[in-house]
1. Between residue A:39 and residue A:108, what length comes free when the chain is fully extended (0.36 nm per residue of separation minus the Cα-Cα distance, one decimal in nm)?
2. Counting only helical runs of four or more DSSP H residues, what would the 222 nm mean residue ellipticity of the protein assembly as shown come to if each run contributes -39,500 (n - 2.57) and the total is spread over all its residues?
3. Which lysines have a Cα lying under 22 Å from the Cα of residue A:97, excluding residues fewer than 8 positions away in the same chain?
4. If the cut-off is a Cα-Cα distance under 17 Å, which aspartates and glutamates reach residue B:89, setting aside same-chain residues fewer than 8 apart in sequence?
5. How big is segment A:79-232 on each of its three principal axes, counting only the C-alpha atoms and giving the largest first in Å?
6. Going by a 4.7 Å Cβ-Cβ cut-off, which cysteines of chain B have no partner at all?
7. Taking only protein heavy atoms into account and a 1.4 Å probe, give the accessible area per residue of the protein assembly as shown in Å².
8. Once you place label points 7 Å from the Cα toward the Cβ at residue B:124 and residue A:215, how far apart are they in nm?
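The values are calculated or read from the model by the stated rules, or taken from the named source; none is laboratory data. Because the structure is predicted, anything quoted here is derived from the model rather than measured. We place every Cβ from the backbone using ideal geometry, glycine too, and count neighbours over all the protein chains shown. Keep in mind that these areas ignore ligands, DNA and RNA; they rest on the heavy atoms of the full protein, side chains included. Shrake-Rupley method; radii C 1.70, N 1.55, O 1.52, S 1.80 Å.
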Amino acid sequence: MLKRTTIAAAGAITAMALLTAGCTTNAAEQTAKGGGDYAKMSPDALAEHLIFETKSFKLDMPVQEGGTAEARLKQDEVQVLCSKLRGKPVDSETAAKVTAMSRETIKYPAGGIKLGDWKIGRQLAWSGFGYRVGHRNDDHSKAKNGPGGNCYNCHQLATDRTGGTIGPPLTGYGKLRGSSDAILKYTYDVIYNPHAYFACTHMPRIGAKGLLTEEQISHVMAYLFDPESPVNK
Amino acid sequence: MLYKAAFAVPLALAIGASYAADRFADQAPEEILQTLIDESGSAYLNQSPQNRQMMPDNPAYWVAEEGEELFKTPRGPKNASLEGCDFGKGPGVVEGAYVEMPRYFADTGKVMDLETRLVHCMTTLQGFAKDDPAVKKRHGSGSDMMKLQTYIAMQSNGLPWNPSLDHPMEKAMRDAGEVLFYRRAGPMDFSCNTCHGVTGQRIRASVLPNINEPHEWSKAISWPAERAGHQNVRSTQHRLRGCLWQMRHPGINAGSDASIALLSYWTDAARGQPAILPDLKR
């Protein structure tokens, strides 16, 4: 009886040793491709490793702005700083850095800020077309007005269409705020690079990232300010 | 065990609800969803009454039925059934396996989700070639992959999400997944958190689930689900791909380590809440 137990126990120990050995070898094997052991990397380092070294994403596919998709996953400084918050409200130090950096990116039209055609602006504010890749890639040459502004995804604007609520409602924008030079500049700045006022906001940098051209921004601004625009009716 | 229990208590308190593990085990998906709605009053959970009405006749049940048959039939060059496949709870054990995935598998040295594990067993145990349609075709109710996934996942209906974090690899993948979830990139600076960090927000008319609200997140990650708008059962990997596409990020390869990391984090975020399987979504 005693002997049996001893053998069983010895067996269990051997099995455990084998199991542990098995684990380590295999774990090393999984990560051998990219190098390094996942469990030994910091979460940030592992995340970067997974994105760029493990063939997880289709990094070499061409993208509409030229080059390959890999560049889209490389973060700029604002993206790095804001990602670090992990969803928490921005602290004052980060906010100061992001705001200062973002102000510098804003370029103004040669002839000053002007309002364009609100009807084109309406289409641009509604359109979410553009920049999708992976499958069914958008072909920008096939769209009349090019990529859209996605404003309705996040904002309620005119009430004839349903807008999202990630951003505040902009219904009646021009009627409520008037169209002084100061408010025009503020609005242009927010559209161009919203981090200049709202550090680490969820709103895209529409101008700074080239999502809309200066001319297209003038049309969207007209949609916000023109008394004839449905936004102000 | 003791270690686990010590963590379970504060977690349950933190989310304000704890369920006996089997509380929902005999309930239909629509009944589980109703309880979550009653408890949370969530606009996201409540947004499609017409879909909820259709849940008892969810087309996914037919897909699962075909999946069960496929599961039990000897198939592939090696003429083996998937009853020999270990989904983490022993060969052939499917009950409760899905809510504990992704998990680490010693035989491959990898953290794997259900789809990756299925591919592994179909190629090793059954001997299918990687490019055999049985393995390669991942989307659509007519695919073997969706039939099998739907059947296996359904065996976890009503059980609490409980992905293992005991192995260092599981923990590493979950933590990297968290970084990925909050990582802003691309032309529009989107991260998953842009759209899934606050309760009740909408993209146009769609109410978005919040990863910090476990009632909402439990339904959000309950895949496979019939997507009414697609008239097909869709997988977890298909949903992930769809959100990345909307984010204008490059396409993700199903089963890739980055995809598993994201799934490890998103499953952990629903921990303790009952899975709704199969679900029916917009």
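1. Details: separation 69, 0.36 × 69 = 24.84 nm, distance 4.86 nm.
Once the chain is fully extended between residue A:39 and residue A:108, it gains 20.0 nm.
2. Numbers: 22 runs with 228 residues, N = 515.
Computed ellipticity for the protein assembly as shown at 222 nm equals -13000 deg cm²/dmol.
3. Answer for residue A:97, where 22 Å is the Cα cut-off: A:74, A:84, A:88, A:107, A:185, A:209, listed by chain and number.
4. The qualifying aspartates and glutamates are B:100, B:107, B:113, B:115, B:166, B:170.
5. Computed over segment A:79-232, the largest-to-smallest principal extents equal 44, 42, 33 Å.
6. Lone cysteines by the Cβ rule: B:192, B:195, B:243.
7. 45
8. Distance between label points: 6.0 nm.
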